[in-house]
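Notes to accompany the following structure.
The values are calculated or read from the model by the stated rules, or taken from the named source; none is laboratory data. Predicted, not measured: the structure shown is a model, and the values here were computed from it. Virtual Cβ from ideal backbone geometry, glycine too; neighbours counted across all protein chains shown. These accessible areas exclude ligands, DNA and RNA; they are computed on the full protein's heavy atoms, side chains included. Shrake-Rupley method; radii C 1.70, N 1.55, O 1.52, S 1.80 Å.
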Amino acid sequence: MLGAVAVVWLVLAGAWVEPALAANLSVAEVSLEPCPSADIGAQPQLRRPSGASCYVLRGTVSNPGRKPVVDTDVFAQILDASGEPVLQNRSRVGSIGDVPPGDSNFALRLAIPAGTPGPFTFSNVKARGFASPVRTRAGEFDDLLPLEQAVADAQ
């Protein structure tokens, strides 16, 4: 009986403590624009109805804390001209890795199905990360893939 009580207590304590590890960050100055034609992610050779169009979601994320927020994901609802979701059944648009204290710029490349009617609107843009790593840590400069690094550097 004592063992069962201990297990229930650990489960409840874990469920109560875990959300405290998550950090919600504010996102501002958000824009969604087509990838530059020179960007390799634009894939000009794939511009056909069955392909996808490359867009970049840019913005500024603010970490008001004193410590970095790690493993940060960005969430957004992106709608087409008719008000339908562009990314079906998905609000997570990508990961921006670690966010140091203060304001940081980010850029995420998105593949939007070709033929989706624009202009696009977005709402509920937010970022959420953690106080400690939740995945195997990458090297110091390995947080972004080379294509994502190129988009981030092009700002």
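Quick notes on this structure:
- Hits in the range 124-140 (condition: at pLDDT below 90 and out of contact with any helix residue (DSSP H, G or I) (no Cβ under 8 Å at 6 or more places or on another chain)): Pro133, Val134, Arg135, Thr136, Arg137, Ala138, Gly139, Glu140
- Of all residues in the range 95-107, none satisfies the criterion of being assigned to a loop (DSSP other than H, G, I, E, B) and either open to solvent by less than 10 Å² (accessible area, probe 1.4 Å) or more than 17 Å from Phe130 (Cα to Cα) (or both).
- Selection count, the range 50-94, where residues are hydroxyl-bearing (Ser, Thr, Tyr), modelled with pLDDT under 95 and surrounded by fewer than 18 Cβ atoms within 10 Å (Cβ to Cβ): 3
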